[in-house]
Structures are given as structure tokens and as C-alpha cells.
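Asks: Dropping a structure here in C-alpha cells format, bear with me for questions.
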Amino acid sequence: MSAERKYGYDQQYYDWSPISTRSRLTWPNKNRMALCVILSVEHYEWAATNNFADGGLPGSLPEYSHKSLELPGGVSGSGRPYPDVMSYGQREYGKRVGIFRVMDILDNYGIQATVAIDAATAANYPFLIEQFQKRNYEMIAHGTAVNQMISSKMTQEEEREHIRQTIDVVTKATGSRPLGWFGPEYGESENTVNILADEGIRYVCDWPNDEQPYPMKTSTGSIYSLPILLSLDDQYTHWINKIQIDAYTKMITDSFDVLYRESAATGRMMVLNFHPWILGTPFRSKYLEIALRHISKHDGIWNASASEIVDWHRSQTAK
């Protein structure tokens, strides 16, 4: 679907919908707010493969096993030559240490996370899969690896194969076909939403443009958008904007306070995306707990998975 410049939007996936004109949204049991925590659990490739930002499928990853990679030349996303041991190690810290610290904190507040897991992680870390299933976490597809971002430089056939491979690997590793999709680095092409709907994905988390879920328009099937609060994505705040961790906690609590106040009029949603290699570090994890403690003191909060939120919203708007 090519972009068309015209008055209004230049894409066809949804119409403008001011929140002030929508019908009142109520959450289950008369809760005021829905809280969804997404954990992005990602693999950073040890060696450069054909990056999706430049088109092409990762031919050296047929089994999604980092052990089989050969070392070509190239420069990583951080600007360091491969093997980028620092960036690889940071993501690996999240899967070796940080994820367990974050899960312990979520356990303390009764929060069941939604895990965005890429194919390489799903195939190579069965112990983590067991831990997520033990906690009844929903797992959604997250591409093949964090440095394999979808873009419009891919052909439609390449993109469809990438999406299918990801879904198949996550399904095999978890025993359940993923219902949701969160692209690596929020990456999409002009065709992604149509392809996702055609492949049976029920919702996508790449469009950070609302505080309620909404249906998207496609030619191939039904799909919803579950918007993440990008301004509170820990990679966006810490890695890109260099926000101090104490200020970040205040950003979360201040955002929650505003949403909670506004939720007296209509249901609001707070979708937070955390990376265990960032918020799972010792000094940051303390501030994550402070933020969740603040939220937990309030009544009327529905701790929900991404699918639960989408399914409820669909059932309400279908009436």
C-alpha cells in the first residue's frame, strides 16, 4: 500500500478519532484504568547478517541459532564493528540477570507481563520460556532479532517470510501461536499491518498514538492497535534521551496520575514497554519498584495482558 498525499492522513490504516468524542469506555469490574507491562526480551546478533533495514532475509539464521553464525564484516547499530561485544553483552545481561530481577518485582505487585520475544530468543532460551509460562505471561512475536528491523526496503515476499518464520518459531518454542506482534524497534513497512492481519495476528503494538486500543483497517483481515506510551519506553528515555532514572520514575508516576484522573470520565490505558537489560540493572530496578508501588496504591486498576485488553475493547465496541 503506497502512501497517498492528500488532505488529512496519507495512510489508510485508521481514521482520526479524537478521544473527546468517543463513547465512554469501561473496563471489567468497573475498573478505571488498564495497566499492561510489556517486557521486550531480545537477541542482539553476534555477527552481521542481512539486516532488514537494507532488505534481504537472514540466510545465516535458518535455525535461529546464534551458534551457527559466521563472522562477516560490517558495523553494528551502535556504530561499533562486529562482533559488538558490548552491545551483545548488554542484551545478554537482560536474559541472564535482569529479567529475573524484573520478574520478581512484577510478582510482588501481582502483574502478569506480556513478553515480546523474538525468534532467536524463543528458540535458544527454553528456561526463560518455562519461567514465563510458569507466571502465565502472554508471549507475542517480536521479529527474528533486535537488529533485524522491518522496513520498506524489503520486498513484500521477504517481509511476509520474515513474519511467518517469526510466528512459526515462537509457536514451536512456546506451544501457542502468538496473537500479537511488536516489531523490532517499532519497525514496519507500508505493508506490515496488512501482512500481519493476513497471517492471523490479532493486534500490533507498533503505533504509539493513543491511550485506548482501536481497530485498524486492512484489506486482508481484522487487526487492532495496542498503543505503547513511547515517552515512557525505557530504551527511548534512557538510551536515546538520556533521562535520569529518578526523573524517569517521576515521569511514570506523573503520567499515571493524569491518566487516573482522566479515567473518571472514560477508561484509559497505560501500556509500558520495559527492557530487562535496562530496567533490570541494580540501580534502575529500585526505581521501577517505586513507580509500581505508587500505581498499586490506587483502586480501580486492571492488571491485564495485551490480549485481554484488546479482547475486552473489541467486545465493548462491537455492542
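Just so it is clear, none of the values below were taken in a lab; they were calculated from the coordinates. Computed from a predicted structure; not experimentally measured. Cβ sites come from the backbone with ideal geometry, for glycine too, and all protein chains shown count toward neighbours.
Asks: Where both residues lie in the chain, what percent of DSSP beta bridges are antiparallel, nearest 5? Walk me through the numbers on the way to the answer.
Replies: On the way: 4 of 27 bridges.
If I count the DSSP bridges inside the chain, around 15 percent turn out antiparallel.
Asks: May I ask you to compute the full-extension gain from Ser315 to Asp168, defined as 0.36 nm times their residue separation minus their alpha-carbon distance, rounded to one decimal in nm?
Replies: So the extension gain works out to 50.1 nm.
Asks: Which of rounded, prolate or oblate describes the range 182-278 when judged by the alpha-carbon gyration tensor and an a/c cut-off of 1.5?
Replies: Here the range 182-278 falls in the oblate category.
Asks: Label the range 150-213 by shape, choosing from rounded, prolate and oblate, from the square roots a ≥ b ≥ c of the eigenvalues of the Cα gyration tensor; if a/c is under 1.5 it is rounded, and otherwise prolate applies when a/b is larger than b/c, oblate when it is not.
Replies: On the way: a/c = 1.88, a/b = 1.10, b/c = 1.71.
Here the range 150-213 falls in the oblate category.
Asks: Would you be so kind as to identify which of Pro126, Tyr186, Ala304 lies farthest towards the positive end of the dipole of the range 28-317, taking Lys and Arg as +1 and Asp and Glu as -1 on Cβ and the Cα centre as origin?
Replies: So the residue we want is Ala304.
Asks: How would you rank 241-248, 124-131, highest first, on the average number of other Cβ atoms within 10 Å across their residues?
Replies: Working: 241-248: 13.2, 124-131: 15.2.
Sorting 241-248, 124-131 by mean packing, highest first, produces 124-131, 241-248.
Asks: Rounded if a/c is under 1.5, else prolate if a/b beats b/c, else oblate: with a ≥ b ≥ c from the C-alpha gyration tensor eigenvalues square-rooted, which is the chain?
Replies: Values: a/c = 1.67, a/b = 1.19, b/c = 1.40.
The shape class here is oblate.
Asks: Tell me the label-point distance for the pair Val85, Ser296, using the 7 Å Cα-to-Cβ offset, in nm and rounded to one decimal.
Replies: About 3.9 nm, to one decimal.
Asks: Okay, moving on. Given points 7 Å out from each Cα along the Cα-Cβ axis, report the Lys134 to Lys250 separation in nanometres with one decimal.
Replies: For the pair Lys134/Lys250, the computed spacing is 3.8 nm.
Asks: Run the helix sum for the chain: -39,500 (n - 2.57) per DSSP H stretch of 4+ residues, divided by residue count, reported at 222 nm to the nearest 500 deg cm²/dmol.
Replies: Numbers: 10 runs with 109 residues, N = 319.
Here the helix-only value at 222 nm equals -10500 deg cm²/dmol.
Asks: Normalised by the residues of the range 132-248, what does the relative contact order come to in percent, with Cα pairs under 8 Å and at least six apart? Walk me through the intermediate numbers first.
Replies: Details: 172 pairs, mean separation 23.5, N = 117.
Here the relative contact order equals 20 percent.
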